[in-house]
Amino acid sequence: MAPAAAEQSKRLRILLVPFFATSHILPVTDLAFHLAAARPDAVEAAIVAVTPANAPIVRSALARREPSHAIARVEVATYAFPAVDGLPPGVENMSTVNAADAWRLDAAVTSEAVMRPAQESFIMESSPDAIISDLPFFWWHAGIAAKLGIPCVFFHVLGNFPSLAMWRLAFMGVKEDEAAPGSSVTIPQFPGPEISLPVTELPHFLRRPPPIDKETCDQIMMNLKSCGFIANTFVDLEPEYLDSYNDCGYVKRTYCVGPLSLPMPPPAAASSASDKSACLDWLDTMPTHSVVYLCFGSLTNFSEAQLDELALGLEASGVPFLWVVRGKTWEPPVGWKDRVGSKGMVVTGWAPQTDILQHLSVGAFVTQCGWNSVLETIAAGVPVLTWPMLFEQFITERFVTRVISIGERLWPEGAGVRSTRHEEHDLVPAKAIAQAVAKFMEEGGAADAARRRVKELSPKAHAAMAEGGTSRRDLHQLVDDLMAGRASVVATTNSS
């Protein structure tokens, strides 16, 4: 073999398999890009494996990235989405599925019986040197990797605080049926301030744990302990929780490789879609730190009644706002648009969040506390008002408001029932929304204090991803460890 060919054969082909939601696909794509960019000497290709309907999300994310030589080593590969009774063809993403089909899609994409055959066939045919799998969904990838004799490392789109909190609560064994109405739980063996949550605010899998046999659980734990865990966070953001996570014995080690959305492309690098240009142009007309930006992620669905209350609350606050509404059928109350006029702007569907957060006119971000959004607001240095709705978002809210203190709850504690189940969640009234937004944004108010704190974190986030930074070093170490894992398999094979 020629020297160049020999060198090429030593480089890794890493297969990354994200879950079926845009909020997972994007950070996994970012991870693939950073692996390719950080170690061109060691990574031949980082391959993002998705089903056909999700491939455009990956390609769109890569289109905004630089440098081009790293993008060239990120490949998009597709495997077939299995046929599911009652689910229309092409419905493959939890972020875009309509309400009627959501339960069918959720049941399919979390089922080993449904998803494993197509994924296993694709992985075996691809014959990668390593697998990076989206935790906790595709735990069976560890077994497939074992068949191939390659390393499998789990990636979590969350940080250490929510991950550790959920581990602790899972092992504590919350029993919703035995909990008194209105009861709360305190996260055990947790560093920092005491963190308690009403049972209604816990993720569904903690309120009613799914049946997982001991063999499956043992395999997940064994793989975490043997191969490690990749987290989209940075050391300086949550050092106590990183240390506690590593010390608890759940994982061999944690690779902190975030914020993976950095470096943020400049707004000029973005597409010229009309909605996007319009919202950035509108922001250009607003004073510094005067605008409240509202976006609730790709998985949150508000009722029309709640959207009406939110619209009226924003109007009554008197604060300029840029509001991203996911639903395309909702219409605001009669006369609302005329009354609001140029003081507010509504974008339907999608908006360029990183560009918006970087804009000087944005003074606060009303967020659902998705981890991607938390990292993006930290990187941009924008304080937050929190409105969690789903999954681990209520846990992450405690981190934002109690630990790093970069914002406040929009709806005060005790004002009503909040829940990860929409049918239990009380309607947040317009009056409460107006009061919270107006008070937070008043001169010398809570937003100014929170802004000072988030501005201290922002340069640390950027430094972590820069050459020599902690996250950059962990990216390099991850590649080194994957190389070592492959080398040990080769050595074992050659000696047998």
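The values are calculated or read from the model by the stated rules, or taken from the named source; none is laboratory data. Everything numeric here is computed off the predicted structure, so don't read it as measured data. No Cβ is skipped: glycine too gets one built from the backbone with ideal geometry, and neighbour counts run over all protein chains shown. Just the protein is used for accessible areas: all its heavy atoms, side chains included, with ligands, DNA and RNA removed. Shrake-Rupley method; radii C 1.70, N 1.55, O 1.52, S 1.80 Å.
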| said: I'd like the carbon and sulfur percentage of the solvent accessible area for the chain, probe radius 1.4 Å, heavy atoms only, ligands and nucleic acids excluded. | reply: 55 percent
| field | Residues whose placed amide H lies under 5 Å from that of V74, excluding near-sequence neighbours | value | A46
| query | What is the helix-to-structure angle for 99-109, meaning the angle in degrees between its Cα long axis and the longest Cα principal axis of the chain, kept from 0 to 90 and rounded to the nearest 10? | reply | 20 degrees
| message | I'd like to compare 17-25, 71-79, 99-107: which one has the highest average count of other Cβ atoms within 10 Å, and what's the full order after that? | response | 17-25, 71-79, 99-107
| field | Amide proton proximity set for V384, modelled H, under 5 Å, gap of 5+ | value | F365, G407, E408
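Only bridges whose two residues both fall in the chain count here: according to DSSP, what percent of them are antiparallel, nearest 5?
Values: 3 of 46 bridges.
Just about 5 percent of them are antiparallel.
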| Where does helix 430-441 land angle-wise versus the long Cα axis of the chain, in degrees 0 to 90, nearest 10? | 80 degrees
| remark: Flagged as over-length at 28 Å C-alpha distance, from K343/K439; K328/K460; K147/K252; K328/K455, the pairs are K328/K460; K328/K455
| Between A484 and S68, how many nm apart are label points set 7 Å from Cα along the C-beta direction? | 3.7 nm
| remark: Taking a ≥ b ≥ c as the square roots of the eigenvalues of the Cα gyration tensor, with a/c under 1.5 meaning rounded and otherwise prolate when a/b exceeds b/c and oblate if not, the stretch 27-172 is rounded
| request: Hey, for a label at T78 modelled as a point 7 Å past Cα toward Cβ, could you say which residues of the stretch 92-130 have their backbone N under 20 Å away? | output: 92-98, 105, 109, 115-127
| note | With a ≥ b ≥ c from the Cα gyration tensor eigenvalues, square-rooted, and the rule rounded for a/c under 1.5, otherwise prolate when a/b > b/c and oblate otherwise, the stretch 397-475 is oblate
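Quote the relative contact order of the chain in percent (integer), defining contacts as alpha-carbon pairs under 8 Å separated by 6+ residues.
15 percent
Counting only heavy atoms of the protein chains, get the accessible area per residue of the chain (1.4 Å probe) and round it to a whole Å² value.
On a per-residue basis, 42 Å².
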| note | Note on the stretch 84-152: contact order normalised by length, alpha-carbon pairs under 8 Å, 6 or more apart, percent, works out to 24 percent
| query | What does the highest-first list of 294-302, 446-454 look like by mean Cβ count within 10 Å? | reply | 294-302, 446-454
| field | Near-label residues of the stretch 312-349 by backbone N, under 11 Å of a point 7 Å along Cα→Cβ of T288 | value | none
| task | Output the peptides 111-122, 347-358 sorted from most to least packed, where packing is the average of other Cβ atoms within 10 Å over each peptide's residues. | result | 347-358, 111-122
| From the phi of every residue in the stretch 383-392, what ³J(HN,Hα) in whole Hz does the Karplus formula 6.51 cos²θ - 1.76 cosθ + 1.60 yield, where θ is phi - 60° and glycine or proline is x? | x, 10, 10, 9, 9, x, 9, 9, 6, 8
| Is the shape of the stretch 330-426 rounded, prolate or oblate, going by the alpha carbon gyration tensor and its root eigenvalues a ≥ b ≥ c, with a/c under 1.5 for rounded and a/b larger than b/c for prolate? | oblate
| Tilt relative to the chain, helix 371-380 - C-alpha long axis, 0 to 90 degrees, to 10 | 70 degrees
| remark: Any residue on another chain or 5+ positions along whose placed amide H is under 5 Å from the amide H of L16 is listed here as I47, V48, A49, I132
